[in-house]
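A quick write-up on the structure given underneath.
The values are calculated or read from the model by the stated rules, or taken from the named source; none is laboratory data. Every value quoted in this text rests on a predicted model; they were computed, and no experiment measured them. Backbone-built Cβ (ideal geometry, glycine too); neighbour counts: all protein chains shown. Side chains included, ligands, DNA and RNA excluded: accessible areas come from the protein's heavy atoms. Shrake-Rupley method; radii C 1.70, N 1.55, O 1.52, S 1.80 Å.
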Amino acid sequence: MKKLYSPKTIKQIQELYGFKFTKALGQNFLVDKNFVDKIIDLADVENENVLEIGPGIGTITQSMGEIAKKIVAVELDKSLIPILNDNLGAYNNIKVIQGDILKVDLGKIVAEELGSEKFKVVSNLPYYITSPIIEKLVTADLPCQDMTIMVQKEVADRMIADEKSKDYSSLSVFVKFYSTCQDKFKVPKSVFFPQPKIDSTVLKLNLRVYDKEVDKKLLFSLVRAGFNKRRKTILNSLSSIINKDDLKEILKEVNLLENLRAENLSLDDFIRLAKAIENHY
Ligand code: SAM
């Protein structure tokens, strides 16, 4: 196996292919074998199908290729494709696809490459599009079991925060609705090349849909409206969605005080509120 996690190998690749890092694509590659192994251990990919987002030069991909059943890796940067093909060409269980994860038809890719078999997501995510990628994956209605993803530490804190904590946000409610966090670990900035300014966290999220009956569009519009004006009471912040008189009545019905703020409401509270609003009209 080529030591793709070695800074020396990365420098050789840069010289050989003329590859230049693109900051705007969130290109910070892992250069520490221990952390590559830790991610793969947590993801638990032995004999499993994997969708990897942003393989870079194939560092995590190559190690997973030794044990996984099949890996589909989607990379946006065209200049990395010949590098990936050379680094991973010996693995007939790895398929590299050039494309933007936010634009590709994931249903089609998964159906073509993995049939209807279940799969896992593994990714050191490009941080500039963390939320849209997570949103696309959890709402795609695909047989995805879990996601082991590396994100910016502060974003991870927000994703798994509980109500009343300072990090609790609309992202926390969204992530809770679609997943439970099984485990996590911190990753220092020193294990990347080039070195970013921020630390990271790897999260393993097991996917679920918390409530199949609730109107998700209404639920998340309430969540967003509440947190967009998080210093305001819910009576005021949610009045952009529903008129105040009706809202007063509904809040009483679901036993929520008018002067609470979005950060005081649990996922269950938001769901009860959305259902009561739906019933009201
Ligand atoms: N997996 C490699 C590693 O851990 O060393 C690279 C991770 S790097 C943080 C993120 C990768 O995502 C880069 O290779 C970048 O080119 C790629 N990327 C950025 N935007 C993307 C997008 N929209 N779709 C697919 N890949 C993308």
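Compute log10 of I(q)/I(0) for the stretch 1-61 with the Debye formula, placing one identical point scatterer on every Cα and leaving out solvent, at q = 0.23, 0.24, 0.25 Å⁻¹, to two decimals. Scattering profile of the stretch 1-61, log10 relative to I(0): -1.06, -1.12, -1.18. In this label model, Lys164 and Met1 are separated by 4.5 nm, measuring between points 7 Å along each Cα→Cβ vector.
Taking the Cα centre of the chain as origin and charging only Cβ (+1 Lys, Arg; -1 Asp, Glu), how large is the dipole, in debye to the nearest 20? If you can, show how the numbers build up before the last one.
Details: 42 positive and 39 negative charges, 187 e Å.
Dipole about the Cα centre, nearest 20: 900 debye.
Here the Kirkwood formula, the inverse mean of 1/r across different C-alpha pairs, assigns the stretch 1-132 a hydrodynamic radius of 15.0 Å.
Remark: spin-label model distance Leu260-Lys189 equals 3.8 nm, labels positioned 7 Å along the Cα→Cβ axis.
Checking the cross-link filter: which lysines have an alpha carbon closer than 25 Å to that of Lys248, excluding same-chain neighbours under 8 positions apart? By straight Cα distance, Lys248 reaches Lys164, Lys216, Lys217, Lys229, Lys232, Lys275.
With both residues required to sit in the chain, DSSP beta bridges show an antiparallel share near 45%.
To the nearest 20 debye, what charge dipole does the stretch 1-148 have about its Cα centre, counting +1 at the Cβ of each Lys and Arg and -1 at the Cβ of each Asp and Glu? Kindly include the intermediate steps, with their values, before the conclusion.
Values: 17 positive and 20 negative charges, 109 e Å.
The dipole of the stretch 1-148 has a size of about 520 debye.
Translational diffusion of the stretch 169-281, estimated by Stokes-Einstein from the Kirkwood radius over alpha carbon pairs at 37 °C in a medium of 0.692 mPa s, is 209 µm² per second.
Grab the Cα-Cα distance for Lys248 and Lys23, subtract it from 0.36 nm times how many residues apart they are, and report the gain in nm with one decimal.
On the way: separation 225, 0.36 × 225 = 81.00 nm, distance 4.86 nm.
The Lys248-Lys23 span can extend by a further 76.1 nm.
Per-atom-type breakdown for the stretch 15-166 gives carbon and sulfur 47% of the accessible area (1.4 Å probe, protein chains only). Got a number for the accessible area of Asp183? Probe 1.4 Å, square angstrom, nearest 10. Here the accessible area works out near 80 Å². For the stretch 1-68, what number of Lys pairs, 8 or more residues apart or on separate chains, have alpha-carbon atoms under 21 Å from each other? The number of close lysine pairs in the stretch 1-68 is 14. With one equal scatterer per alpha carbon and no solvent term, the Debye-computed log10 I(q)/I(0) for the stretch 69-195 at 0.14 1/Å reads -0.73. A simple count of charges around Gln152, restricted to other residues whose Cβ falls under 11 Å of its Cβ and scoring Lys, Arg +1 and Asp, Glu -1, yields +1.
Inter-label distance, Glu15 to Asp41: 3.4 nm, where each label sits 7 Å from its Cα along the C-beta direction. Along the axis of the charge dipole computed for the stretch 128-267 (Cβ charges of +1 for Lys and Arg, -1 for Asp and Glu, origin at the Cα centre), the listed residues Ala156, Leu142, Ser266 are led at the positive end by Ala156. Per the Kirkwood formula applied to alpha carbons, the stretch 53-105 shows a radius of gyration over Rh ratio, Rg over Rh, of 0.94.
For the chain, the alpha-carbon coordinates run over 68, 40, 29 Å along the three principal axes, in decreasing order. Each Lys or Arg adds one and each Asp or Glu takes one away; over the other residues whose Cβ falls under 13 Å from the Cβ of Asp211, this sums to +1.
How far, in nm, would the chain grow between Glu113 and Lys8 when pulled straight, counting 0.36 nm per residue and subtracting the alpha carbon separation?
On the way: separation 105, 0.36 × 105 = 37.80 nm, distance 3.35 nm.
Fully extending the segment from Glu113 to Lys8 adds 34.5 nm.
At a Förster radius of 35 Å, what calculated FRET efficiency corresponds to the Cβ-Cβ distance of Asn34 and Gln145, to the nearest 0.05? Approximately 0.85, to the nearest 0.05.
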